[in-house]
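Here the structure comes first, spelled out in structure tokens, and everything after it is commentary.
The values are calculated or read from the model by the stated rules, or taken from the named source; none is laboratory data. From a predicted model like this one, the values you see are computed outputs, not experimental measurements. Heads up, the Cβs are rebuilt from the backbone with ideal geometry, glycines too, and the neighbour counts pull from every protein chain shown.
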Amino acid sequence: MRPADLFDRDAEWSDLEGFAAMSSPGVHLGILYGRRRTGKSFMLRRLAAQRNGIYHMALEEEPGPALQRFTDLLGSRRGLSRGQLRVADWNEALRLALSSPEDLLIIDELPYLMAGAPGRAIPSVLQSLIDASHDQATAGDSLGGDDPRGTCLDHGTSSSADPPCR
């Protein structure tokens, strides 16, 4: 259902909703990109709220605090206080975030997380999760960023015209 405070973004919302509602098994990766200040984050926050998903806004910060801030978000969804949940690395954190078949994970501004040495492992961790999920349904995954040079990957295709890209 389209949020009441979303105006004139019918096609974009429909694409995002369709992606989040996919019933095919396994991890699905969507990359949403475009010019800054056009409402991408606004729509992603509403999608996460509507689907009871995890929305994480990455910041330009040191790798340790970035991982702990993400982990604190995961812990809060499990009723834990800040700092109670600890993980060794992004591999463990992302596996934990996508541990339920219904999980929708949205990481906004993903390039900020990938800037530091530990964050450079995130693409290979995601690839590992996607590869491992081909035989079993494990999660849904959606990522966002503002990199206009990015490509859109959806359902295993690579095309700037495929939904949910606009």
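Here is the figure for the range 43-71: residues that are of a type in the set (A, V, I, L, M, F, W, C) and assigned to a loop (DSSP other than H, G, I, E, B) total 2. When restricted to residues that are polar (S, T, N, Q), assigned to a loop (DSSP other than H, G, I, E, B) and surrounded by 13 or more Cβ atoms within 10 Å (Cβ to Cβ), the range 23-42 contains 1. Evaluating Arg95 against the criteria (1) modelled with pLDDT of 95 or more; (2) over 29 Å from Ala11 (Cα atoms); (3) surrounded by 14 or more Cβ atoms within 10 Å (Cβ to Cβ) leaves one unmet condition, (1). When Ala88 is tested against (1) surrounded by 15 or more Cβ atoms within 10 Å (Cβ to Cβ); (2) modelled with pLDDT of 95 or more, exactly one condition is not met: (1). Looking across Leu129, Leu113, one residue alone is modelled with pLDDT under 95, among the hydrophobic types (A, V, I, L, M, F, W, C) and in contact with a helix residue (DSSP H, G or I) (Cβ under 6 Å, 6 or more places away or on another chain). It is Leu113. Within the range 72-105, restricting attention to residues that are basic (Lys, Arg) and either free of Cβ contacts under 8 Å to residues at least 12 places away in the same chain or in a helix (DSSP H, G or I) (or both), the residue that is nearest to Ile54 (Cα to Cα) is Arg77. Only one of the listed residues (Ala48, Ala20) is of a type in the set (Gly, Ala, Ser), more than 14 Å from Asp108 (Cα to Cα) and surrounded by 19 or more Cβ atoms within 10 Å (Cβ to Cβ). That residue is Ala20.
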